[in-house]
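The values are calculated or read from the model by the stated rules, or taken from the named source; none is laboratory data. Quick caveat: nothing in here was measured; it's all calculated off a predicted structure. Because the Cβ atoms are built from the backbone with ideal geometry, glycine has one as well, and the counts that use them run over all protein chains shown.
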């Protein structure tokens, strides 16, 4: 399959975040800002989350999304952005890890 | 993030225009920069590189930490002519990250069994471009050898500011083409942008090798965007 040349309205996380906001939903945007090693998603990738925990997009291969989503709830509540870091092992503060052996930093901010 | 900023960013992305979002990680403040806008200071160089490479990342400037998120449209290659070169070029370009669309109103050429898995439009370029406009992130290579098909497409590509415009044909063929394009209203600067004879000079001796030469020239043009002198030098 070829790369899509135009945005997918139904799946693009930033377009979805904009629509959620227009619908009056509180939204958090998580962004991969740094990666080391074999991180599954490149820097700049987005996961968008609403206050009910609905989400679109990804910041990893699915290994750390759960932790990001729960942090996003607090970011939506307080409005204070957070920087999260995930590594290989389960010993990280978030008790989740990247099975691929990489490390990533994820910035989570509230929309509005 | 400011919702208004997100709307502006999405507007640029929908229109297939490049934009860079700079976020100050100390306070979360964001700033949207459109391609061609000048940014002063230490950030300027980082932003310029983000536009050129499409790579995002953290950077330090003025004792602060910034995240630079590059949003570049997916570059694509529009091929005029469902010919032998295109059969080799389409799969190669796709692998290199440049999705291909082939346009050729000659239905004998534009037969789907000759181009498995490649979007193929058997209409005239006029109709296709009206539906899916050319833009700065589209490369156009005209390889039909038929002025009735190529000329309009080349003029449209120059007017749309396509990052690459190439045309197949000998120097003699090209000289005649330049005269025709001039009569269609193309300026000298525009005509100067056409890569012809098409492809980097690697001594290509058959359609597949010409395809390699064209693809390399497309990539060189894409990576040298915003630097006209470099484009000329690299694609000469």
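The one condition from (1) touching a residue at least 40 places away in the same chain (Cβ under 8 Å); (2) part of a helix (DSSP H, G or I) that residue B:6 does not meet is (1).
Picking from A:36, A:20, A:94, which residue would you name as being farther than 29 Å from residue B:95 by Cα, surrounded by fewer than 22 Cβ atoms within 10 Å (Cβ to Cβ) and modelled with pLDDT under 95?
Working: A:36 fails: farther than 29 Å from residue B:95 by Cα; A:20 fails: modelled with pLDDT under 95.
From the options A:36, A:20, A:94, the qualifying one is A:94.
Each row is one residue, and each column tells you yes or no for (1) modelled with pLDDT of 95 or more; (2) assigned to a loop (DSSP other than H, G, I, E, B); (3) crowded, with 20+ Cβ neighbours inside 10 Å; (4) over 19 Å from the mean Cα position of the chain (by Cα).
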site	(1), (2), (3), (4)
B:102	yes, no, yes, no
B:105	yes, yes, yes, yes
B:113	no, no, no, yes
B:117	no, yes, no, yes
B:127	yes, no, no, yes
B:134	yes, yes, yes, no
B:139	yes, no, yes, no
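When every residue of the stretch B:64-76 is checked against the conditions, none turns out to be crowded, with 24+ Cβ neighbours inside 10 Å, in contact (Cβ under 8 Å) with a residue 60 or more places away in the chain and under 21 Å from residue B:169 (Cβ atoms). Scanning the stretch B:17-36 for any residue that is touching a helix residue (DSSP H, G or I) at 6+ places or on another chain (Cβ under 8 Å), at pLDDT below 95 and more than 13 Å from chain A (Cβ to nearest Cβ) turns up at least one such residue.
Each row is one residue, and each column tells you yes or no for (1) touching a helix residue (DSSP H, G or I) at 6+ places or on another chain (Cβ under 8 Å); (2) within 17 Å of residue B:168 (Cα to Cα).
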{"position": "B:87", "(1), (2)": "yes, yes"}
{"position": "B:90", "(1), (2)": "no, yes"}
{"position": "B:105", "(1), (2)": "yes, no"}
{"position": "B:112", "(1), (2)": "no, no"}
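Evaluate the following for residue B:154: is it under 14 Å from the mean Cα position of the chain (by Cα), modelled with pLDDT of 95 or more, surrounded by 20 or more Cβ atoms within 10 Å (Cβ to Cβ) and assigned to a loop (DSSP other than H, G, I, E, B)?
Details: under 14 Å from the mean Cα position of the chain (by Cα): yes; modelled with pLDDT of 95 or more: yes; surrounded by 20 or more Cβ atoms within 10 Å (Cβ to Cβ): yes; assigned to a loop (DSSP other than H, G, I, E, B): no.
No.
Residues that are farther than 24 Å from residue B:10 by Cα, assigned by TED's automatic domain parsing to the domain that holds residue B:9 and assigned to a strand (DSSP E or B) occur in the stretch B:54-61; there is at least one. If we keep just the residues of the stretch A:19-47 that are touching a strand residue (DSSP E or B) at 6+ places or on another chain (Cβ under 9 Å) and part of a helix (DSSP H, G or I), which is nearest to the other protein chains (Cβ to nearest Cβ)? Residue satisfying both the conditions and the ranking: A:21.
If you go through the stretch B:157-198 and pick out every residue that is in a helix (DSSP H, G or I) and more than 15 Å from residue B:218 (Cβ to Cβ), you end up with 20.
No other residue among B:231, B:165 is modelled with pLDDT of 95 or more and in contact with a helix residue (DSSP H, G or I) (Cβ under 9 Å, 6 or more places away or on another chain) apart from B:165. When residue B:60 is tested against the conditions (1) surrounded by fewer than 23 Cβ atoms within 10 Å (Cβ to Cβ); (2) more than 14 Å from chain A (Cβ to nearest Cβ), the lone failure is (2). For the stretch B:82-100, a residue qualifies if it is within 17 Å of the chain's Cα centre (by Cα) and in a loop (DSSP other than H, G, I, E, B), and the qualifying residues are B:96, B:97, B:98, B:99.
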